[in-house]
Amino acid sequence: MRKTTLLTAGALLLAGPTCTLAQTTDPGLNNGESPFVRLIRPDRPGQTITTNMLYPGQFQLETGLTRYDAGSNVGYAGRSAWGSTLRVGFFNHIELRATQHYLLTPAAQLLPSDGAPTPYAGPAGFAPLNVGAKFLASTTQNARSQVVVLLDMNLRNGDTSFGEKQFEPGGRLLVSQQLGQRFGLEGNFGFRQRGFKAEGTKQGQYLTTLALNGPIGAGTHVGFLAETYATWQRQQGWRPGLTSGLYYRPAPGLRLDVTASHGLTANAGGFTVGAGLAFRFGK
């Protein structure tokens with residue numbers, strides 16, 4: 001309980017100055033044509049969700065394949081999964097979103113005794129759907145400093161092989177600081193719990209991330225992502241990790257990426273690789 005209180009207090013202390021900074025940004029400063037704003041900024045890859053919000057009438061689809069090592073501390077250990085997120089710009093500085101994962105069925109394994117194949121009996125197929133919305137907390141969308149609140153929930157649908165399904169509400173505070181015209185520093189502070197009862201918080205998980213991204217060289221077509229993240233749960237303690245990746249952006253509304261991540265401790269361990277794309281349409 002003491003650790004939970006300290007984590008919550010720390011997140012609030014960090015959020016306070018950031019909110020003040022974002023809300024005191026001069027709305028008259030035209031930042032809309034900055035490459036950091038004008039070019040597509042997906043919520044993939046990595047753990048960090050960007051503060052970027054779509055304008056009303058804009059749609060963005062992000063999809064990719066991720067391979068999780070058997071010792072991974074996030075996602076589905078030892079499995080491969082397709083993950084897709086649909087983002088829709090709404091009115092009053094709101095963005096609606098839905099994320100769906102499809103867990104691939106691994107090949108049958110051979111028994112060491114007689115060599116007969118063993119059918120896989122674990123979860124497979126569509127995982128529970130995650131739905132949510134972003135809300136602009138600062139005064140100016142796409143300002144150099146920005147604060148956004150994300151509220152989401154894992155539903156109880158999905159394939160029947162996913163047992164013990166519960167509603168899992170969660171929330172994140174998303175903050176960002178634009179560096180120059182093309183680079184960005186972004187951070188997340190979040191929490192997710194199982195169910196709505198008080199005992200569900202004991203199984204809840206905290207998440208904190210910090211990511212730097214921007215172009216490589218003078219152009220804006222090729223860029224990088226460097227991220228550090230950590231999760232904390234009462235039963236598992238701290239699980240820190242690092243993510244790095246490259247992206248290629250052939251058009252302002254299209255981006256392809258490849259990433260790799262790894263835990264920093266034995267408890268966090270696991271090597272994860274992924275590749276995907278994101279495209280935006282609408283004015």
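The values are calculated or read from the model by the stated rules, or taken from the named source; none is laboratory data. Owing to the predicted nature of the structure, the values given are computational and were not obtained by experimental measurement. FYI the Cβ positions are ideal-geometry reconstructions off the backbone, even for glycines, and counts take in every protein chain you see.
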Problem set entry | Out of S138, S145, sole residue that is surrounded by 18 or more Cβ atoms within 10 Å (Cβ to Cβ), in contact with a Cys (Cβ under 9 Å, 6 or more places away or on another chain) and touching a residue at least 12 places away in the same chain (Cβ under 8 Å) | S138
Exercise. Tell me, which residue of the range 123-168 that is part of a loop (DSSP other than H, G, I, E, B) and basic (K, R) is modelled with the lowest pLDDT?
Worked result: K165
For this session: Scan the range 28-50 for residues that are more than 24 Å from A260 (Cβ to Cβ) and β-branched (V, I, T) and report the count.
Result: 1
Exercise. What are the pairs, 6+ residues apart or on separate chains, where a residue within the range 77-100 that is under 20 Å from G170 (Cα atoms) has its Cβ under 9 Å from a residue that is basic (K, R) and at pLDDT below 95?
Worked result: G83/R44; T85/R44
Exercise. Which members of the range 272-283 meet the condition of being part of a loop (DSSP other than H, G, I, E, B) and either touching a strand residue (DSSP E or B) at 6+ places or on another chain (Cβ under 8 Å) or β-branched (V, I, T) (or both)?
Worked result: G282
Problem set entry | Filtered residue count, the range 201-255, keeping only those that are within 16 Å of the chain's Cα centre (by Cα) and of a type in the set (A, V, I, L, M) | 8
Exercise. Within 20 Å of the chain's Cα centre (by Cα), under 16 Å from F191 (Cβ atoms) and surrounded by fewer than 18 Cβ atoms within 10 Å (Cβ to Cβ): does that describe F126?
Worked result: no
Problem set entry | Unmet criterion (only one of (1) exposed (fewer than 15 other Cβ atoms within 10 Å of the Cβ); (2) under 22 Å from R87 (Cβ atoms)) for Q235 | (2)
Seminar exercise, completed: Over the range 250-271, the set of residues in a strand (DSSP E or B) and more than 14 Å from R44 (Cα to Cα) is P250, A251, H262, G263, F271
Seminar exercise, completed: The residue from A198, A251, A211 that alone is hydrophobic (A, V, I, L, M, F, W, C), without any contact (Cβ under 8 Å) to a residue 24 or more places away in the chain and closer than 24 Å to V37 by Cβ is A251
